[in-house]
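Heads up, the thing below is written out as structure tokens.
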Amino acid sequence: MPSRLSALLVATAVTLTSTAAASSATTMTTLACAPLGTPTQSETITVGNAQRSYLLHVPAHPLGERLPLVLAFHGRGETPAVLEHDSGLDRLHAVLVYPRGEPGTGGKLSWSGTPTAAPGVDDVQFARTIVAALRGWSCVDPGRTYATGKSDGGGVAWQLACRAADLVLAIAPVAGAYYPIAGGCRPARPVSILEFHGTDDRVVPAAGSARRGLPDIQAWLAAWARRDGCTVQQPEARIGRDVRLWGWSGCAAGSQVAGYRILHGGHTWPAIDATALIARFFGVSVSR
């Protein structure tokens, strides 16, 4: 990894103060914090007047250790279990939460803020409710919450950065679909971003789609660098034959903005071990 860009892949150390109160809505007990961890299991939680669900994975950990919390959002028409399997995010030494979308257009699981969303759903509030519930656990570090996701799920991670910057320290979307946000994107504080995108993605084109309201990914990331007050754009670095890394430094509050461009890559979780790179960006250890 070129030294001039290595700092872009170290997690931000900004301290996050939660404004969300603990909730008793989750059905999970604190037995999940047992040092042996728990197998992935389905949980439900009340959000407004609706019952929502998510998968939860807690790794084995030393007694008394507080783990980071990572939210991982699946793509449209997929499921939490598909993302868990395809991404390998359970390798992270963190509490993993895989929220489940709601049926939208065509009955496919979708997320709010997308053209196919179910009416009346607010998935930013869904995320807030989950985080408020889990931050009260003895094995969760209340100051280290991160988000990732694929496709429309990556777009949800971006919505959190825009609408709930107090909630997440950093996001790392994969092949994200970043639709316009009503009222615009106005984060309350700098949020670090690491983005992955294939140049041959036909579902969410890297060059964007004016017809669908999707941005050019390089322009989108540059706009985020401006939001984070970054002052220097680093030269693009070649990582192997088919991967390019580009980003910015001198960003406000220690935030970082970078992107991996996967040459000839499609609409998939990247084969460059994006999971390990995400873990490094979040400052989380990862198993092989």
### Task
Mind telling me which of the residues Arg212, Arg202, Arg244 ends up being in contact with a His (Cβ under 7 Å, 6 or more places away or on another chain) and basic (Lys, Arg)?
Arg202
### Task
State all residues of segment 84-98 that are touching a Phe, Trp or Tyr at 6+ places or on another chain (Cβ under 6 Å) and assigned to a helix (DSSP H, G or I); if no residue qualifies, say none.
Glu84, Asp86, Ser87
### Query
In segment 233-288, how many residues are in contact with a helix residue (DSSP H, G or I) (Cβ under 9 Å, 6 or more places away or on another chain), under 22 Å from Pro205 (Cβ atoms) and small (Gly, Ala, Ser)?
4
### Message
Would you confirm whether or not segment 18-36 contains a residue that is surrounded by 18 or more Cβ atoms within 10 Å (Cβ to Cβ) and either at pLDDT 95 or above or touching a Cys at 6+ places or on another chain (Cβ under 8 Å) (or both)?
### Response
yes
### Pairs with Cβ under 9 Å, 6+ apart, first in segment 59-77 and within 24 Å of Thr105 (Cβ to Cβ), second among the acidic types (Asp, Glu) and surrounded by 24 or more Cβ atoms within 10 Å (Cβ to Cβ)
Phe73/Asp123; Phe73/Asp152; His74/Asp152; Gly75/Asp152; Arg76/Asp152; Gly77/Asp152
### Query
Given the residues Gly259, Gly208, Gly247, Gly213, which is the only one that is closer than 19 Å to Gly176 by Cα and either within 17 Å of the chain's Cα centre (by Cα) or of a type in the set (Phe, Trp, Tyr) (or both)?
Gly259
### Query
Within segment 45-60, how many residues are more than 17 Å from Gly88 (Cβ to Cβ) and touching a strand residue (DSSP E or B) at 6+ places or on another chain (Cβ under 6 Å)?
5
### Query
Does segment 132-151 hold any residues that are of a type in the set (D, E, K, R) and under 22 Å from Arg280 (Cβ atoms), and which are they?
Asp141, Arg144, Lys150
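Yes or no, residue by residue, for (1) farther than 24 Å from Trp269 by Cα; (2) more than 19 Å from the chain's Cα centre (by Cα); (3) free of Cβ contacts under 8 Å to residues at least 12 places away in the same chain:
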{"position": "Leu160", "(1), (2), (3)": "no, no, no"}
{"position": "Ala164", "(1), (2), (3)": "yes, no, no"}
{"position": "Phe196", "(1), (2), (3)": "no, no, no"}
{"position": "Cys230", "(1), (2), (3)": "yes, yes, no"}
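The values are calculated or read from the model by the stated rules, or taken from the named source; none is laboratory data. Note that the structure is predicted; figures quoted are calculated from it, not measured. Every residue, glycine as well, gets a Cβ built from its backbone with ideal geometry; the counts of neighbours run over all protein chains shown.
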